[in-house]
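The values are calculated or read from the model by the stated rules, or taken from the named source; none is laboratory data. Bear in mind the structure is a predicted one, so any value in this text is a computation, not a measurement. Cβ placement follows ideal geometry from the backbone for every residue including glycine, while neighbour counts extend to all protein chains displayed. To get the accessible areas, we keep the full protein, side chains included, count just its heavy atoms, and leave off ligands, DNA and RNA. Shrake-Rupley method; radii C 1.70, N 1.55, O 1.52, S 1.80 Å.
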Amino acid sequence: MERILSIFKNSIKTPDVRKKLLFTALIFVVFRVFAHIPVPGVNLEQLKILFSQNQFLGLLDIFSGGTLSNFSVMALGLNPYINASIILQLLQLVFPKLEELAKEGETGRQKINQYTRMLTVPLAGLQAVGMYALLRNQNIISVLQPLNLIAFMITMVAGTLLLMWFGELISEKGIGNGISILIFAGIVGRVPVVFGQTLSTLTPENFTNTIIFAVMGTIVIASIVVINEATRQIAVYYAKRVRGNKMYGGQSTHLPLRLNQAGVIPIIFAVSLVLMPSLVANYLSASSNVALRNVSSTIAVWFNPTGILYNGLYFLLVVGFTYFYTAVIFNPKKIADEIQKYGGFIPGIRPGSPTASYLNYILTRITLVGAIFLGIIAILPTVAQAFTNVPNLLLGGTGILIVVSVVLETIKAIEAQLVMRNYDSYAK
């Protein structure tokens, strides 16, 4: 805590960092304003009743930061963009040209980001149509004429694109990863509402269970911090080299491998996919076809947020995406080549391919520990709710993971900005 306060105090005193923090805060304010601008023609009172009666929609609303229950112009949130990112990353495994593009450095990443933005538009349009159909089946929105329906879709797509632009602005001119920070802002923005709902349902019978759940939540947060900060230190030695009249190398260092290399991204990807079956079930529930309604009921039972299948799938997706994203952002062969290039070696391991194989072996083992831990933490609040019978949770497992991970990443980003500025000042 003392370190965090020190970082915050120094960031306020540093003009460049203070400017980035104020810019990020301004984007937060604008985002929360847009989150309360409703789309015309929607019966908000009936919509809130629907959300209060449906646990899946309530979970989706918390994840979107309240934009769904208000049905604001940003009701689709960042889901289309996240889904587009997942599709592009999966396509890299199928199309070699995309994989080569991803390895081209900053230029390649910019092109892939551009493709992601382009794919976001049709995905947002499809989700807008699905959202309209869902609301129409529940008699929450009236039948729209073709032109009004087109205007409705354009509004939904524009809201997602605006939110995506906000995220990129934060990444470019603010602090931290813009997309993660906006999801964090949405979750935190819903905390007062959910906290009030929790307090309103407190009774002498469940008060003790609520305290137990709060203690468990504190332990979970502490555990997430420990795992996110845990690293495996790989010793690297550099041989002495003579260039001209000077001698280089001869020192030792460590290569830190984090247990959770992927950060919060696997959680965001996993929850985006695991919520899809429930969304389909809600859409089919009001169908006039009996067979479709039966399918909807079956899906709703199987993918109940408190059910075994939902939580099992959620756990597996978190583990899978942790491995997948770690493989995307950490390339053992590239690291091994860099170590060899500067005359380094790992004791007992030959340079080159053996070093890459060794790093891959270590990374696979420690990532397994981090991935399983994240998966357990993700489903732990559901298990705790089943045992404590607390009807309203302050934050679900996904929310806790995102909030804690984004806070840690943002603190590190601020610290890096401070170190960079101090180094620049020293260099001058």
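Report the semi-axes of the equivalent ellipsoid for segment 273-330 in whole Å, largest first, where each axis is √(5λ) for an eigenvalue λ of the Cα gyration tensor.
Numbers: eigenvalues 183, 28, 8 Å².
Square roots of five times the eigenvalues give 30, 12, 6 Å.
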Worksheet, complete the sentence: The correct ranking of Thr410, Thr160, Thr107 by accessible area at 1.4 Å, largest first, is Thr107, Thr410, Thr160
Practice prompt. Could you list which residues have their amide H under 5 Å from that of Phe303, counting only those 5 or more apart in sequence or on another chain, with H placed in the peptide plane?
Written response: none
Worksheet entry | Vicinal HN-Hα couplings computed from phi for segment 162-173 (Karplus, 6.51 cos²θ - 1.76 cosθ + 1.60; Hz; Gly/Pro x) | 5, 5, 4, 5, 4, x, 5, 5, 5, 4, 7, 10
Worksheet item: Taking only protein heavy atoms and a 1.4 Å probe, what accessible area per residue, in Å², does segment 258-322 have with all protein chains in place?
Response: 43
Worksheet item: Val236's amide H: which non-local residues (gap 5+, or another chain) put their own amide H closer than 5 Å, with H modeled 1.01 Å from N in plane and none for Pro or chain starts?
Response: Thr253, His254, Leu255
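For Phe315, Phe269, write out the residues from largest to smallest accessible area, computed with a 1.4 angstrom probe and no ligands counted.
Highest to lowest solvent-accessible surface, that is Phe315, Phe269.
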Item to complete: Please work out the Cα center distance from segment 142-166 to segment 310-326, rounded to the nearest Å.
Response: 32
Practice prompt. Find the centroid of the Cα atoms in segment 121-138 and in segment 22-39, then give the distance between the two in whole Å.
Written response: 23
Worksheet item: trypsin sites (Lys or Arg not before Pro) within segment 98-127: which are DSSP loop residues with at most 12 other Cβ atoms inside 10 Å?
Response: Lys103
Worksheet item: Got a number for the accessible area of Ser353? Probe 1.4 Å, square angstrom, nearest 10.
Response: 90
Practice prompt. At a 1.4 Å probe radius, which order do Met131, Met118, Met74 fall into by accessible area, largest first?
Written response: Met118, Met131, Met74
Item to complete: Report, to the nearest whole %, how much of the accessible area of segment 298-382 belongs to carbon and sulfur atoms, 1.4 Å probe, protein only.
Response: 68
Response to the item:
Of the listed pairs Lys9/Lys412; Lys111/Lys334; Lys97/Lys412; Lys9/Lys173, those with alpha carbons more than 25 Å apart are Lys97/Lys412
